[in-house]
Amino acid sequence: SFEVALARSCLTIKVAAGQSILEAMREAGVDLPSSCEQGACGTCLATVIEGEPDHQDVYLSPSERASGTKIMTCVSRSKSARLVLDA
Ligand code: FES
């Protein structure tokens with residue numbers, strides 16, 4: 001598991017194994033739009049402020065991936081213990 005801090009919502013949530021960041025955010029009352037929930041459409045995009053995303057999507061371009069500033073919250077995870085999102 002890892003921790004996600006939601007900067008605008010002033011919340012820190014835990015994302016368990018087998019749970020998506022999107023699901024954990026919704027459980028905490030932070031709703032983000034989504035559509036495919038398979039990492040393909042781009043709807044659930046969030047901006048990464050801090051931490052290292054573990055990209056599992058097929059939406060971001062190689063340069064977007066490498067920049068580490070965007071994450072698809074329906075499928076991607078975190079390589080760092082903590083991720084800070086602009087959400
Ligand atoms: Fe489609 Fe996340 S909902 S990429």
| note | Filtering region 68-77 down to residues that are part of a strand (DSSP E or B) and either among the β-branched types (Val, Ile, Thr) or open to solvent by less than 20 Å² (accessible area, probe 1.4 Å) (or both) yields Ile71, Met72
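Return yes when Arg65 is surrounded by 14 or more Cβ atoms within 10 Å (Cβ to Cβ) and either free of Cβ contacts under 8 Å to residues at least 24 places away in the same chain or of a type outside the set (A, V, I, L, M) (or both) and no when it is not. Show your work before the answer.
Values: surrounded by 14 or more Cβ atoms within 10 Å (Cβ to Cβ): yes; either free of Cβ contacts under 8 Å to residues at least 24 places away in the same chain or of a type outside the set (A, V, I, L, M) (or both): yes.
Yes; evaluated as a whole, the condition is true for this residue.
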| query | Conditions: (1) near the ligand (Cβ under 9 Å from one of its atoms); (2) of a type in the set (Phe, Trp, Tyr); (3) open to solvent by less than 40 Å² (accessible area, probe 1.4 Å). Tyr59 meets all but one. Number of the miss? | reply | (3)
| Which of the residues belonging to region 42-56 are within 19 Å of Ala16 (Cβ to Cβ) and either at pLDDT below 95 or open to solvent by less than 70 Å² (accessible area, probe 1.4 Å) (or both)? | Cys44, Ala46, Gly51, Pro53, Asp54
| Taking interchain pairs and intrachain pairs at least six residues apart, which have beta carbon atoms under 7 angstrom, with the first residue in region 32-54 and small (Gly, Ala, Ser) and the second in a strand (DSSP E or B)? | Gly39/Met72; Ala46/Ile71; Ala46/Leu85; Gly51/Ser78; Gly51/Arg82; Gly51/Leu83; Gly51/Val84
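Could you please find all residues in region 73-87 being farther than 18 Å from Ala17 by Cβ and either of a type in the set (Val, Ile, Thr) or within 11 Å of the ligand (Cβ to nearest atom) (or both)? Working first, answer last.
Taking region 73-87 as the starting set, the residues that turn out to be farther than 18 Å from Ala17 by Cβ are 84-87.
Scanning region 73-87 gives a single hit, Val84.
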| note | Okay, strands (runs of 3 or more DSSP E) sitting entirely in region 1-55 with 3 or more residues that are within 16 Å of the ligand (Cβ to nearest atom), I get 45-50
| said: With the requirement that a residue be among the aliphatic types (A, V, I, L, M) and either without any contact (Cβ under 8 Å) to a residue 24 or more places away in the chain or open to solvent by 60 Å² or more (accessible area, probe 1.4 Å) (or both), what does region 7-31 give you? | reply: Leu11, Ile13, Ala16, Ala17, Ala24, Ala28
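The values are calculated or read from the model by the stated rules, or taken from the named source; none is laboratory data. In this text the structure is predicted, and so the values were computed from the model without any measurement. When we count neighbours, we look across all protein chains shown, and the Cβ atoms used for this are built from the backbone with ideal geometry, even at glycine. Side chains are part of the model used for accessible areas, which takes the heavy atoms of the whole protein and leaves out ligands, DNA and RNA. Shrake-Rupley method; radii C 1.70, N 1.55, O 1.52, S 1.80 Å.
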